[in-house]
Amino acid sequence: MATRVLDQHPAHAAAHGEKTGLWSWVTTVDHKRIGILYGATAFFFFLLGGVEALLLRIQLGSPESTFLSPDTYNQLFTMHGTTMIFLAIMPLSAMFFNYLIPLQIGARDVAFPRLNAFSYWVFLLGGLFLNSSFLFGAAPDQGWFGYANLTSKQYSPGLNVDFWMLGLQILGIASLAAAVNFFVTVLNMRAPGMTLMRMPMFVWMSFITQVLLLLAFPVITVALILLMYDRFFGSNFFVPSGGGDPLLWQHLFWIFGHPEVYILILPAFGIVSEVLPVFSRKPLFGYAAMVFSGVFIAFLGFGVWSHHMFSTGMGPLADTFFALTTMLIAIPTGVKIFNWIGTMWGGSLQYRTPMLFAIGFIAMFIIGGLSGVMHSSPPADLQQTDTYFVVAHFHYVLFGGSIFGLTAGAYYWWPKMFGRLLDERLGKLHFWLMLIGFNLTFFPMHFVGLHGMPRRVYTYPEGLGFDLMNQIETAGSFVLTVAFLVFLYNIFKTSRQPRNAPADPWNGATLEWSIPSPPPEFNFAEIPTVHGRDALWEMKRQRGGQLPEPIRASGAGIHMPNPSYWPLVTAVGVLAVFVSLMVIGHTGVLGVAAAIALLFVGVYMWAYEPAG
Amino acid sequence: MLLRTVARRSSRWITALGLLVVTLAACSTDQYPQTTLLPRGDFAKIADDLLDTTVRWALLVFVLVEGVLLYAVFRFRGKPGDAEPHQTHGNTTVEVIWTVIPALILAAIAVPTVRAIFQTNATPGKDALTIEVVGHQWWWEFRYPEFNITTANEMHVPVGRMVSLRMGSNDVIHSFWVPQFAAKRDVFANRETRMWFTAQAEGDYPGQCAEFCGIQHGRMAHRIKAQKPEEFQAWVAHMQTLGPKPPGAAAPAGDQQYALGEKLFTGKGCIACHSFAAVNAPKGMVGPNLANIGSRSYLAAGTLKNTDENLARWIRDPQGIKKGVLMPNLGVTEAEAQALVAYLRAQK
């Protein structure tokens, strides 16, 4: 115990090789630090997206409100969606991928540590690029889905669509690089004895997510390139007057867009599959079914995309095909829900904050899943689509699902990442406020949508019966605001506590709980050998009880990758290429060439950097 | 302890929530004129029947699954000093059952769904009234080829006769939504889409564009006036008298305001975007056809009630009322606006 107190002393920490200072963060290639960078940045963008939503809700809180002008409203709802999907949920998931995948598979880092850093920097720069549009009064305003031909130069002459198009392209690069990294890491770097069917469920769900990323992002990359050619170089892929087809955009976008929603939910599925067993004190019910249902969802997820297009008049055969595949995908999803309840059944349920959020996730996701099934029937969907009914549906799965799940993960893994446990009482308050606020905000949307309120409208008249429901929704969004303030206060209060969380505060089942909180740079002093699922429970069973608090070993003799700034330089090069495309009217091809040169320098120096 | 209090309080919550649900779901077209839940046309009934089917199953599944979850939350609450629970890993029988049952439920939804897909995609018979719908940023054009008349934003239909909509767009993708009689269908610049319905009740109903189409997507509403067949025929006959206007024609004798308004309509340039010819109306006009503007219920695609005051406001400051609309502010003075209102009000 005395040694642990001394561990907190900076000089001692430095002597143990722990790096400190801003430069160490700028050049880090440590997956744990990169994870924290992802988390902090994503959380900031999440709050930004939340403020955007709050502004929208204030505008919609009364009919004919003039709080926001229509163009401001359209920019805010576009940025709210784009931010929450690409700058909040995905990178929050990336925080967990980064921090936990190596720890849970018993590895010391990811397969490509510098590529890992590169992914983060590209994400940060992409997010900043996208949001810099506000400074030009030209934030994207065409919806997060950017339907052609509204996005053509003729109907969107300003910079708004350009920011969106190029920003998303940048973010796509970050996601693809990270996906390659985690895909290879999971396949190649598991500890001895950890077969695929012994991996923690979070690793499985994350692995499937990487496959989805690798297959789906190239499609939107292509779509955005075609759009760029239309807007910058006068082609007509999506321009009807030139023989193009706006519907082509929709197909390309949704072939990406539907797998994207599974990218958004699967990590939360994985987190909940970790939290429930630990706080039920029994293993995950039906491990194999959980794996195969995840694989099936991912595979089938590429076969449902046109359920976003039921109102486009594709004809009865297409409608039928996509209706049936959409209904089919409900089956493996339902199986997961039952398996989670089966995990709780007969357990000894511990109602700590992570568990509350995990249970809240199940309850809310059931609702979102059921409204999804209601959408799967095209004739019925023709009334529901593009109304607030679908806004309710996807918020139940994305907020009630992903966000609740990610929050469960935050409370669960906070002690491991930061060496401190978040306050339980504040956590419970956060949970109840979020549950109540969330339902107040989004449940009435089912009704106001069926009663005729379309989406993406900056106002509505009196006399259509929308007033009361919108008022309730706006009130709910303020309750949500308080919930997040409580969370922020919890984080702040916790940061001032001493860093003395034990290695295993929850009696965890997986390997990350066998090393100190937070772990040393090299993670494991000795790579463990795994003999079964729930490797740590297995070890505790062998030992006949709790494991002793792990010693903070010196790590002498363990070689870790050197820090590097070339990933950052390369990331700046990527940004430069896209900015140069944006301003090609001013800086011409020379600008693009200069940017490519910078990119080339970054890659070259990175490639030839001494292994050290 | 907290949980016991919550359990007591939640029963009150559940009652309150139930009441709220019932209140919100309760509907009348007076309260919810744009609702999808009171279908008054055959197409909308098909959609509503499917909604009923899916809602029933969804409610059943909801009550069952959330019920089991809630039960588990209370029944298996851990107490300090609990022994380790039985380490169940799964149960193949149970897992098979709970895979097959959802599949059966989905099949029960799929069968009526597929039937309805083919029904709603069927082509209306030759007796149907064809109406061409053209979406514009940010108004709706309606053409009746059978009668050679064109109007905007207000669609008249006869009760009891099938209407066959042939739809397109002048610019970007819009979506024509008739919640009371039909549903919605997107409209495109490069292809025709179709929808059909038979209005089964008279009335004056609102609808809105349902595909984001730019700055004023939120203000692209239309109205459907479902009329008795005789009234509809009378409306058609009247519209057929509204041909192109020679200057000075039909000016009420001595009406100086009208005459001034007529001069201003050309002088200010309104004539470049708007036509008064309901018959043989020109295509591709930037602004709505104004043949019967004097008698329409709303202006600017459902934005303003059609009163003299609103019409004057609209003429003088369209940008202030509907920012970004393609109708520019032309520096029309108060006096000029009054004249224009008098002129337009006479175009019924």
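The values are calculated or read from the model by the stated rules, or taken from the named source; none is laboratory data. Predicted model, so just to flag it, every value in this text is computed and none were measured. Backbone-built Cβ (ideal geometry, glycine too); neighbour counts: all protein chains shown.
Among the residues of the stretch B:294-303, are any modelled with pLDDT of 95 or more, farther than 17 Å from B:Trp140 by Cβ, aliphatic (A, V, I, L, M) and not assigned by TED's automatic domain parsing to the domain that holds B:Phe142? No. Looking only at residues of the stretch B:170-213 that are buried (at least 22 other Cβ atoms within 10 Å of the Cβ) and among the β-branched types (Val, Ile, Thr), we find that the one that is nearest to B:Glu154 (Cα to Cα) is B:Val178.
Within the stretch A:426-475, the residues that satisfy the criterion of being among the small types (Gly, Ala, Ser) and farther than 23 Å from A:Asn74 by Cβ are A:Gly427, A:Gly437, A:Gly463, A:Gly465, A:Ala475. Taking the listed residues A:Ala330, A:Ala380, the one that is at the interface with another protein chain (Cβ under 7 Å from one of its Cβ atoms) and surrounded by fewer than 24 Cβ atoms within 10 Å (Cβ to Cβ) is A:Ala330, with no other qualifying. From the list A:Ala107, A:Ala111, A:Ala139, A:Ala117, the lone residue that is surrounded by 24 or more Cβ atoms within 10 Å (Cβ to Cβ), more than 16 Å from the chain's Cα centre (by Cα), part of a loop (DSSP other than H, G, I, E, B) and touching a residue at least 24 places away in the same chain (Cβ under 8 Å) is A:Ala139. Residues in the stretch A:575-602 that are assigned to a helix (DSSP H, G or I), without any contact (Cβ under 8 Å) to a residue 24 or more places away in the chain and surrounded by fewer than 16 Cβ atoms within 10 Å (Cβ to Cβ): A:Gly585, A:His586, A:Gly588, A:Val589, A:Leu590, A:Ala593, A:Ala594, A:Ile596, A:Ala597. Checking each residue in the stretch A:46-80 for being away from chain B (no Cβ under 11 Å) and either on the phi > 0 side of the Ramachandran plot or of a type in the set (D, E, K, R) (or both) picks out A:Glu52, A:Arg57.
Conditions tested, residue by residue: (1) more than 7 Å from chain A (Cβ to nearest Cβ); (2) in contact (Cβ under 8 Å) with a residue 40 or more places away in the chain; (3) closer than 30 Å to B:Arg185 by Cα.
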| position | (1), (2), (3) |
| --- | --- |
| B:Ala44 | yes, yes, yes |
| B:Val65 | no, no, no |
| B:Lys79 | yes, no, no |
| B:Thr88 | no, no, no |
| B:Leu106 | no, no, yes |
| B:Pro112 | yes, yes, yes |
| B:Arg115 | yes, no, yes |
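Scanning the stretch A:278-322 for residues that are among the small types (Gly, Ala, Ser), away from chain B (no Cβ under 12 Å), touching a Pro at 6+ places or on another chain (Cβ under 9 Å) and under 28 Å from B:Ala183 (Cα atoms) returns a single hit, A:Gly301. Any residue in the stretch A:242-252 that is more than 14 Å from chain B (Cβ to nearest Cβ) and crowded, with 16+ Cβ neighbours inside 10 Å? Yes: the stretch A:242-252 contains one or more residues that are more than 14 Å from chain B (Cβ to nearest Cβ) and crowded, with 16+ Cβ neighbours inside 10 Å. A:Phe442 falls short on exactly one of the conditions (1) within 24 Å of B:Leu37 (Cα to Cα); (2) under 24 Å from the mean Cα position of the chain (by Cα); (3) free of Cβ contacts under 8 Å to residues at least 40 places away in the same chain, and that condition is (3). For the criterion of being away from chain A (no Cβ under 14 Å) and either in contact (Cβ under 8 Å) with a residue 24 or more places away in the chain or out of contact with any strand residue (DSSP E or B) (no Cβ under 7 Å at 6 or more places or on another chain) (or both), B:Ile149 passes.
For the stretch A:555-589, which positions are of a type in the set (Gly, Ala, Ser) and at pLDDT below 95? Passing the criteria: A:Gly555, A:Ala556, A:Gly557, A:Gly585, A:Gly588.
Of everything listed in (1) free of Cβ contacts under 8 Å to residues at least 12 places away in the same chain; (2) touching a strand residue (DSSP E or B) at 6+ places or on another chain (Cβ under 9 Å), the single unmet condition for B:Ala237 is (2). Listed by position, the strands (runs of 3 or more DSSP E) enclosed by the stretch B:102-212 that each have at least 1 residues that are among the basic types (Lys, Arg) and either outside the structural domain of B:Ser275 (by TED's automatic domain parsing) or out of contact with any Cys (no Cβ under 9 Å at 6 or more places or on another chain) (or both) are B:139-144, B:162-169, B:184-187, B:193-198.
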